[in-house]
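Below is one structure; the comments refer to it alone.
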Amino acid sequence: VQLQACGGGLVQAGGSLRLSCAASGRTSSTNVMGWFRQAPGKERAFVAAITWSGDNTYYAESVKGRFTISRDNAKNTVYLQMNSLKPEDTAVYFCAARSATVVSYDRRQYRYWGQGTQVTVSS
C-alpha cells in the first residue's frame, strides 16, 4: 500500500485547510485510515481515524469539533477537513492505514504511512 498525502500549507489562525491522502496498491489493507501529526521536538500523535464504512470516526480531544475526517472508498482517498486552525496545530501531518478493522490510537499499530505534509498556522 502506498499513501500519498497532500493539501498542507500556510494559513492564518482561524483559517481552514483540507488534507487528502490517496491510497494505491493493496487497498484492501486500508480498513482503518487515520491522521497523525508531529510537531518539532514532539512525538507523532494521533489526530483522527475512520473505519472502512465511514460510520465510525475518532478524534483527539484537541481537535474535536474543529476537524472532520471522511473517506471516499471509490477514490481510495481519506480527507481531513481542518477548521478554526490554531498555531498549536502546526505540525507535519501523516496519513496512515492498517488492515485491522478496529481503530487504534497507537501509531505503532499502523503499518502503512504517507510521506507527510506540512501545516503551518500563523498567529
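The values are calculated or read from the model by the stated rules, or taken from the named source; none is laboratory data. What you see is a predicted model, and the numbers here were worked out from it, not measured in a lab. Methodologically, a virtual Cβ is constructed for each residue, glycine included, from the backbone with ideal geometry; neighbour enumeration extends over all protein chains shown. For the accessible areas, the whole protein counts, side chains as well, though only heavy atoms, and no ligand, DNA or RNA atoms are used. Shrake-Rupley method; radii C 1.70, N 1.55, O 1.52, S 1.80 Å.
Expressed in Å, the radius of gyration and Dmax of the Cα atoms of the chain are 13.2, 41.
With pairing defined as another cysteine C-beta under 4.7 Å, the cysteines of the chain that fail it are Cys6.
Taking the protein heavy atoms of the chain in the context of the full set of protein chains, the accessible area attributed to carbon and sulfur is 45 percent at 1.4 Å.
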